[in-house]
Amino acid sequence: MTAGLRSVRGVAHAPGRLTRLLILGGVGLVFAVPILAMIEFTLRRGLVGGYDFQRWIELFQNGLTGEYAPVLVALGNSVGLAVGTVVIVLVLLVPTMLLVHIRFPRLRRTLEIVCILPISIPAIVLVVGLAPVFSVLARFAGSGVWTLAFAYGITVLPFAYRAIHANLDGVDVRTLSEAARTLGAGWASVLVRVLVPNLRRGILAGAFIAVAVVLGEFTIASLLSRVNLQTALVVVSKNDPYSAVILSLLALFAAFLLLLAIGRLGTERRRPARTPTTLTPTTPTSGGDQS
Amino acid sequence: MSHIQTPPVQQKTVVEFAGVAKRYGSHLALTEFDLTLQPGELVALLGPSGSGKTTALRVLAGLESCDDGRILINGDDVSGLPTSRRDMGMVFQSYSLFPHLSAGENVEFGLRMRRVPAAERRERAAAALALVGLDAHYGRFAHELSGGQQQRVALARALVTRPRVLLLDEPLSALDAKVRVQLRDEIRRIQTELGITTLFVTHDQDEALAVADRVAVMRDGRIEQVGTPEELYTRPATPFIADFVGLSNRLPGAVRHGFAEVHGVVLPLLDPSHADGPVRVFVRPEDLTLVTAGTPGDAPAGMSLAGIVLVSSFLGSLRRTSVQLEQGGTVVVQHDVRDRHQVGESVLVRFAGAPVPVEAVQDLAAALPRRPRLVR
């Protein structure tokens, strides 16, 4: 009865179809207008007027060589940085969060503050602080673009933390790890075979956010004089704004595909159940207490 | 079924806690904890919340370290061994199935950790699930199973590796009453069938008394008494046991010359050597009977007290009636469900004369509970 009342009340408070469409349409417009404007911009025929695909064709006819070649290098840098950042964040953050959750629950609040802190620090302030660190780092590890992954690891920390934390709260990791240990699993097996599979959604969400942040990052790379996709696009836009916008659109599309792929991984259906064929099913009452 | 084999019969003690102590900061969770489990025995650790029973089980499992004392399994000191190498099966209070694995894969997990070949793994997992009546649920995931079924799978998972000891940490407390009783009996059946040495932690005395060969009642990190369920119920070693195990009426009285006296009714003592003086007397509700006052041969003089019925509760197979005694105070009488007494009816409460435990008090006023109550 209570459930019935609750559901009736829930339906009564749910927005109507028109309201939902309006909200969806409004949000969709916010995202669509800039993208459509970018597409429209790349199709313009300049002073002649009208639209065609000439600029798209020209860009790809040349195979992104010559003046656009640095963009490809920058894209490679950004993808490498994204992978590096994801590895740094996940390898450091996931075990740390699990350790704090299982063994040191009193440190949860401290860890949260530490992880959330970078969101309140403007990129320019971060760079001012990081510059001396990077100058020291350059002496030992060189000044390759990959070193940016350490700075990006800090900037994506709040987002990755939130994504994993939301998943972690819904899983009784302490009991699961204890159950696995009593069954003979060492800590590595507990992590790989039990905890990570159950935190997959949070980890994938964290990884996606890290990738998205890194692919779109400009300030830190620019101020530390490193080349990534965004800094390369700015350079291109100074000579050829049309090509820069086309490349930006392609980057957006790639990020969209990445989102879809990660979303598919996160919601992948479980494998179909397999039952050993040698067994004879028991009578329906054998299961006992289905409730 | 043949894969869940009975462990070889051993004459020596399987589990021994020897002077185990565990501290959490300044709190002493276990102190001078000694307990042995014999082969094939089911011992229940019973006690109120915070008495240390789960800590004892977790120390045995290696999930907590002990600060003092030793844990011996089959004579070997395992105090320093990590959990994964103690070879124990454990069922937890909360549902602990791995959500990303099917029931069968959950049961296979322990075998996988022991590098058992895949074919044998599947066969043994299926046999273990058959043992708990869930062989048709091999491919189901935890969210597709009821709470009772999840705990059965957890039991199969704990048993499939043929552990030296089975640990049950309040495995029934999250289940509803009917399923709890079903699974309780099932656990006992399987435990007896396999002859596996088992430590069962519970705060539910009915559960402990129903399934255990022996019950260890804990209080403040120590074992207060260990004995068979009958011993605990009929011969409680301390007032705490008398108070905690089963239901008891607390009545003010006095000990004189080896007998307890309650409002003129003289009762034998469980411990006849108890010193004379004011005491609190514990009388089981089933050791009292009700007789309507004024009926012929209503009760022998000196073995009954007059009173008025306050309330009578129907409990299905029996009835409990509260009686306000003329001398003051209230007693609860447990009797046949067919004997009905009206509220306000004058009755006689007859004492069966069973030996009673008592607790010494400073004076009779202290023996009187502020609010007469039935303790459980």
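Structure summary
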read-out: Test: residue in segment A:198-210 that is assigned to a loop (DSSP other than H, G, I, E, B) and either surrounded by 17 or more Cβ atoms within 10 Å (Cβ to Cβ) or within 11 Å of chain B (Cβ to nearest Cβ) (or both); value: yes
read-out: Residues of segment B:123-167 satisfying the condition of being more than 10 Å from chain A (Cβ to nearest Cβ) and either touching a His at 6+ places or on another chain (Cβ under 6 Å) or charged (D, E, K, R) (or both); value: B:124, B:162, B:164
read-out: Residues that are touching a Lys or Arg at 6+ places or on another chain (Cβ under 7 Å) and either over 18 Å from residue A:192 (Cβ atoms) or modelled with pLDDT under 90 (or both), drawn from segment A:86-122; value: A:100
read-out: Qualifying residue in segment A:148-168 (condition: part of a helix (DSSP H, G or I), hydrophobic (A, V, I, L, M, F, W, C), free of Cβ contacts under 8 Å to residues at least 40 places away in the same chain and within 14 Å of another protein chain (Cβ to nearest Cβ)); value: no
read-out: Failed condition for residue B:104, given (1) facing chain A (nearest Cβ under 10 Å); (2) in a strand (DSSP E or B); (3) touching a Phe, Trp or Tyr at 6+ places or on another chain (Cβ under 6 Å); value: (2)
read-out: Segment A:40-55, subset in contact with a Phe, Trp or Tyr (Cβ under 8 Å, 6 or more places away or on another chain) and closer than 16 Å to residue A:249 by Cβ, residue surrounded by the most Cβ atoms within 10 Å (Cβ to Cβ); value: A:42
read-out: Residue check, residue B:115 closer than 22 Å to residue B:174 by Cα and assigned by TED's automatic domain parsing to the domain that holds residue B:202; value: no
read-out: Among residues of segment B:109-120, those that are more than 10 Å from every other protein chain (Cβ to nearest Cβ) and either assigned to a helix (DSSP H, G or I) or among the small types (Gly, Ala, Ser) (or both), counted; value: 2
read-out: Hey, residue B:152 more than 30 Å from residue B:22 (Cβ to Cβ) and either assigned by TED's automatic domain parsing to the domain that holds residue B:48 or free of Cβ contacts under 8 Å to residues at least 40 places away in the same chain (or both) or not; value: yes
read-out: Number of the condition not met by residue B:116 [criteria: (1) surrounded by 19 or more Cβ atoms within 10 Å (Cβ to Cβ); (2) modelled with pLDDT of 95 or more]; value: (1)
read-out: Test: residue B:207 is within 12 Å of another protein chain (Cβ to nearest Cβ), touching a residue at least 12 places away in the same chain (Cβ under 8 Å) and outside any loop (DSSP other than H, G, I, E, B); value: no
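The values are calculated or read from the model by the stated rules, or taken from the named source; none is laboratory data. Fair warning: this is a prediction, and the values are worked out from it, not measured in the lab. Please note: Cβ atoms are built from the backbone with ideal geometry, for glycine as well, and neighbour counts cover all protein chains shown.
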